Every structure is written in structure tokens, then in C-alpha cells.
């Protein structure tokens, strides 16, 4: 058996390299980007083939090396599907088995620290990430964490493993390297001898400061982590190669990020749509009134700005305009408030119920086309020009990703906020 416990002193993160002796296929759990050269050297020195890079959750205190290791070795990356992350090859579920050589790892869903936390059981040891630490456990106050879920994950899943199973945590700040299920049952300060209610009370009153790197780590890890540092030639090519692709997040990812920090969410729908329903804390800046240069006095050029609309069309246009004005960290929310609502995420609702602008455009275009056909058939053939004009306008809107009809409708009284 090949097994190495590795340590990143800056974040106090443990990573774990495991390999099958016969085939030399390996997995690496929770790698840290600052240690990628160390990890690659180990893989080369021991003639290993890295098959999987596994994450126990979306980390808030360091950036994962998953993407970089994939680029360097061709390994597959994996994270729990409940992390709502992108950029990973495999979305894991409770009970999945990860195979490498003659070895296998069982995936155990252990939500609580975050909604997508998992533990990995291999032979006589379990890799618990931040779910179960030596003498403690991970916090539950961000990234959709839940003290009640964490209690259930530990007491109903991890503590039902054999007492002799070794516990290898994702972190330790006192130099401890390994514990056991039996030891944690007996001595863990947050769990041993505590009732469910006592545990939840402890977790809900920790009042810990946010991790120092949370604002950069969570978005990067939701997207699969950092890439390998580019060569000098590649850096020059990037510097002269034009703008990068527009970044995007899903509604679920936005919800996870919003629990970790206060976000600048720019809702570019009409005031009427915004008054009907909105994400708590979002700022209404209607697309037709968007003035990117004016926003430079309100937000720093590198501030993270998340643009959202009803379905994602207007927010993409708004994001492009913001980037053209000099903002460097603009993110578009895929699917808009429709996706947010479909995911059953919380919305603030007003007394008004204004139809979405996209739906208004469809109704107006269809109604005008019907009127033109009726006029052309019953009164004068020139009436047929109206549906032809509407059709041409829709084609133009599709090609240019702009819509004059929506701009007109956005200014109608019913699309403005009530006084």
C-alpha cells in the first residue's frame, strides 16, 4: 500500500496521496495550489499515474490544485454534486465508489460544514475533510452549512463506522495528524457527551471570523480551482490576446457565494419586475438605464459584480457593457431569477405581480403579427408588412443580441416601480 499524508503550513490543510502498489494508479485528496509542484514531483518520483483528484468540499481557506493537476497529468477531478460546482469531471453522490487499480474508495455524503461536504472511506481509514476534525468539527455558518445536518452526518454516518477506523482530517492547527472514530466518540470536545440540541447551540454561537481568503477561494474552487502557472511565453500571449470569456455562475453557486460574503448583485430587470420579486440584498439598475462609467464612482474596477435578470439575456449584455467600461471582475448569472426560483432559493416578493419583460416581448410580437395578418387579409395586403417587419426585427435581435421592442416596453408605466 502507498499512502502519504501531506501538509500545507499556510492553510494548515492536509492532502492525501494514495496509490495501488501493482498498477501505480493513484488518487489525491484535497490538493492545495501552492503545493502543486511538490505533489507533481511525488507523482513523478514514485512513477504514479494520477487517476483522480478528489475534493471533500468547496474550500474557503485555500484554492484547490484540482485543475492544475488535471492539466499536468490528465487525471479526472471530482466533487460532490451538492456543491453546485462547475469545472469538475465527476459529480459524486452518496454511495458512489471511486476505483483506481485494485483499490476502491467509498463516497459518504456528510453535509453540514457545507451542503456538499463528503467523506472518503478507504480500507481502515476515513478522510473527513472539515466534517470531523481531531477534537472538533468544521463550522456551519456559511456555504449553506447546517449544524443539524452536521450532527446527523457525524452521529449517524461517521460514528457508525468501526471504532478502529482511522480519522484523517482536512485540517489541524495543533500538529495532530490522525485520530480514530473511537477516540472522537469519547474525547471530541464538541460532540462527546453532547445532545443534538447542545451541539447545535455550540455551533450556532461560535462567532468565528470569516476565513481570510474566502472571497477568492470559494469562487475559484466552484470553478474547478487554479490552473498551472503559465510559462513566460504563455503569459505574454494572455497579455496580448484580448479579453477573457465572460465568467458565469449558476443560481445555486450564487446562493453558496452569498452565504460566504456580501455580494454586489446587480439586477438589471425593470423596476416593476424588481418590485414583484427579487433576491434579498440585490441592487436594481435597469438595463435601459445602465451607465457603466457612472458606476465607476460606486464600485472599484476589480469589485465582484454579479449581473442577473429574468432569464440571462439582459444580464449578459449588461456584463459586456460593464467589462467594456473597465470592470475586470464581472460575473453573469445563468438562468437569472427564473433559475433561482426553480431551485427553490429564497426570494423577496412585493405586492405587485408584473409579467417578465421577455414574456411581454413574446406577447407583443405575437399580437402585432396577428393584427397584421388580419389587416392584410380583410382590409389591405399592406397589412402583411407588419408581421414581416416583426419577423425581421426578431431575426435582427437574435443576431445582435439586442431587442428594440424590449427597450420600448421597459419604459412603459407598468414596468416602473410604483410611487
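All of the numbers you see were taken from the coordinates with simple rules; none came from a lab. Since we're looking at a predicted model, the values are computed, not measured. FYI the Cβ positions are ideal-geometry reconstructions off the backbone, even for glycines, and counts take in every protein chain you see.
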By how many nm would the segment from residue 155 to residue 297 lengthen if fully extended, with 0.36 nm per residue of separation less the alpha-carbon distance? 46.0 nm
Using 0.36 nm times the number of residues separating residue 124 and residue 104, minus their current alpha carbon distance, what extension gain do you get? 6.0 nm
Here are some values of Rg and Dmax of the Cα atoms in Å: (1) 26.1, 89; (2) 21.2, 66; (3) 28.3, 93. Which one was computed from this structure? (1)
May I ask you to order 49-61, 171-183, 103-115 by the average number of other C-beta atoms within 10 Å around their residues, highest value first? 49-61, 103-115, 171-183
Between the alpha carbon centres of the stretch 308-329 and the stretch 148-227 the gap in Å comes to 38 Å
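Could you calculate the contour length gain from residue 343 to residue 97, that is, 0.36 nm times the residue separation minus the distance between their Cα atoms, to one decimal place in nm? Let's see the in-between values first.
On the way: separation 246, 0.36 × 246 = 88.56 nm, distance 2.75 nm.
Computed gain between residue 343 and residue 97 is 85.8 nm.
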For the residue 2, residue 90 Cβ pair and Förster radius 25 Å, calculated FRET efficiency rounded to 0.05 is 0.65
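So for 344, 4, fewest C-beta neighbours within 10 Å to most, what's the order? Could the numbers behind the result be given before it?
On the way: 344 7, 4 14.
Ordered from fewest to most neighbouring Cβ atoms within 10 Å, 344, 4 come out as 344, 4.
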With only helices counted (DSSP H, runs n ≥ 4, each -39500 (n - 2.57)), the per-residue ellipticity at 222 nm for the chain, to the nearest 500, works out to -9500 deg cm²/dmol
Could you tell me the calculated FRET efficiency between residue 262 and residue 195, based on Cβ-Cβ distance and R0 = 30 angstrom, to the nearest 0.05? 0.35
With the 8 Å Cα cutoff and a minimum separation of six or more residues, the chain has a relative contact order in percent of 11 percent
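Please report 97, 118 as a ranked list, fewest other C-beta atoms within 10 angstrom at the top and most at the bottom.
Values: 97 10, 118 29.
Starting with the residue having the fewest Cβ neighbours, the order is 97, 118.
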Roughly how tilted is helix 36-45, in degrees to the nearest 10 and between 0 and 90, from the longest Cα axis of the chain? 50 degrees
Computed over the chain: longest principal axis from alpha-carbon atoms vs helix 313-324 long axis, angle to nearest 10 degrees, is 80 degrees
With a 10 Å cut-off between alpha carbons and a GNM built on the chain, which of 247, 160, 90 moves the most? 160
How far is the Cα center of the stretch 53-68 from the Cα center of the stretch 1-50, in Å? 13 Å
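Just order 362-370, 7-15, 216-224 by mean Cβ neighbour count inside 10 Å, highest at the front, would you?
Details: 362-370: 14.1, 7-15: 17.4, 216-224: 21.4.
The most tightly packed comes first, giving 216-224, 7-15, 362-370.
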Using a simple spin-label model with points 7 Å from Cα along the Cα→Cβ vector, what separation in nm is obtained for residue 10 and residue 325? 3.4 nm
On a 0 to 90° scale, report how tilted helix 357-378 is relative to the longest principal axis of the chain, with both axes built from alpha carbons and the result rounded to the nearest 10. 30 degrees
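Taking every DSSP beta bridge with both residues inside the chain, roughly what % is antiparallel (nearest 5)? Mind dumping the intermediate values first?
Details: 30 of 57 bridges.
Rounded to the nearest five, the antiparallel share is 55 percent.
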